[in-house]
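Here the structure comes first, spelled out in structure tokens, and everything after it is commentary.
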Amino acid sequence: MAKYLIQAAYTPEGLKGLAKETASGRKAAVQAAMKAIKGKVECMYFTFGDDDVILVVDAPDNVSIAALSVLVSSSGLVRIRTTPLLTVDEMDSALAMPLKYRSPGSEK
């Protein structure tokens, strides 16, 4: 499974819904949504600042998490950013790939 960081900010109407449903109620709703795409919530935290909620989730693939992202965003009650997360081993594998690239304006 792939890991993703989800950062969310509630709209004023979304905050009213949060107050009515409680934080644990929203966590249950998020867990149910992740289960529907065969994923799971690793952790969920409420925060101060630009984001109201931060989650780390496991999802089967980019298509599944994109489908969930579109569904959540279309509610109009929360704005989310989803970032794929790479393990140290995955990054080492990426760094070991024998790629060639010429920077713009550099010698050919």
- [ ] Return one number: the angle in degrees, 0 to 90 and rounded to the nearest 10, between the long axis of the Cα atoms of helix 62-73 and the longest principal axis of the Cα atoms of the chain.
- [x] 40
Open item on the list: Compute the angle between helix 12-21 and the longest alpha-carbon principal axis of the chain, please, reported from 0 to 90 degrees and rounded to the nearest 10.
Closed with: 60
Task: Ordering of 1-14, 33-46 by burial proxy (mean other Cβ atoms within 10 Å per residue, highest first) - done: 1-14, 33-46
TODO: Just need log10 I(q)/I(0) for the chain at q = 0.11, 0.16 Å⁻¹, Debye formula, equal scatterers on the alpha-carbon atoms, no solvent, rounded to two decimals.
DONE: -0.44, -0.75
Open item on the list: How tilted is helix 23-36 with respect to the longest principal axis of the chain? Cα atoms for both, answer in degrees (0 to 90, nearest 10).
Closed with: 50
TODO: For the chain, build the charge dipole from Cβ charges (+1 Lys, Arg; -1 Asp, Glu) around the Cα centre, then report which of Ile6, Val30, Leu85 sits farthest towards its positive end.
DONE: Val30
Task: MRE, 222 nm, helices only [DSSP H, n ≥ 4, -39500 (n - 2.57), over the chain, to nearest 500] - done: -12500 deg cm²/dmol
Open item on the list: Once you place label points 7 Å from the Cα toward the Cβ at Thr47 and Ala66, how far apart are they in nm?
Closed with: 2.4
Task: Percent RCO, i.e. relative contact order, over segment 2-87, from Cα pairs under 8 Å lying at least 6 residues apart - done: 49
Open item on the list: Let's see if you can work this out: charge +1 on each Lys and Arg Cβ, -1 on each Asp and Glu Cβ, no other charges. What is the dipole magnitude of the chain about its Cα centre, in debye to the nearest 20?
Closed with: 260
Task: Spread of Cα-to-Cα distances over 10 Å intervals beginning at zero, given as percent, for segment 1-61 - done: 23, 52, 24, 1
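Just so you know, all these numbers are worked out from the coordinates, no wet-lab data involved. None of the values given here were measured: they were computed from a predicted structure. Every residue, glycine among them, receives a Cβ derived from its backbone with ideal geometry; neighbour counts consider all protein chains shown.
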